[in-house]
Amino acid sequence: MPRDASSPEAYRAGLGDGEREVLEEIRKVILAEAPDVPEGIRHGMLDYPGLASLAAQKGYVALYVAPPVLARRLTDFAHVSSGKSCLRFTGLAQLDRVSLRRLLRAVRSYRLATGE
């Protein structure tokens, strides 16, 4: 069944307990690091323009960021499954908030420097 992505609130309300717990913890870090970035919906997932996107998938929560930045910071997330532009968190035990904050700061710096 498709998730209701009409608003961030509706998206989050449609999550199961396990995925909600992980997504909410990542979301807290994003909002703390970038309180000025609005939360919205884009491509059916939570979107933080110019910073990241966050999506609950079956079995994991994916955090999407700029590929060049993720490639440079990937060693900080050696215990997390990753793709070219995403990290896939399957549980709270994988969530290193300090490394996540550093990643988000690096993404912001990259976006400011490149204008992307």
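Pairs please, first residue from segment 35-51 and in contact (Cβ under 8 Å) with a residue 24 or more places away in the chain and among the hydrophobic types (A, V, I, L, M, F, W, C), second anywhere and surrounded by 17 or more Cβ atoms within 10 Å (Cβ to Cβ) and assigned to a strand (DSSP E or B), Cβ atoms under 6 Å, 6+ apart in sequence or on different chains. Pairs that qualify, where the first residue is in contact (Cβ under 8 Å) with a residue 24 or more places away in the chain and among the hydrophobic types (A, V, I, L, M, F, W, C) and the partner is surrounded by 17 or more Cβ atoms within 10 Å (Cβ to Cβ) and assigned to a strand (DSSP E or B), are Met45/Ser53; Met45/Ala55; Leu46/Leu54. Of the residues Leu23, Leu63, Leu15, Leu70, the single one that is in a loop (DSSP other than H, G, I, E, B) and either of a type in the set (A, V, I, L, M) or in contact (Cβ under 8 Å) with a residue 24 or more places away in the chain (or both) is Leu15. Pull up segment 34-52, narrow it to residues that are more than 12 Å from the chain's Cα centre (by Cα) and of a type in the set (D, E, K, R), then point me to the one that is nearest to Ala13 (Cα to Cα). Looking at the filtered set, the residue picked out is Arg42. The residues of segment 44-100 that are acidic (Asp, Glu) and either surrounded by 20 or more Cβ atoms within 10 Å (Cβ to Cβ) or in contact with a Phe, Trp or Tyr (Cβ under 8 Å, 6 or more places away or on another chain) (or both), listed by number, are Asp47, Asp96.
A short reminder: the numbers here are calculations on the coordinates, not readings from a lab. None of the values given here were measured: they were computed from a predicted structure. Every residue, glycine among them, receives a Cβ derived from its backbone with ideal geometry; neighbour counts consider all protein chains shown.
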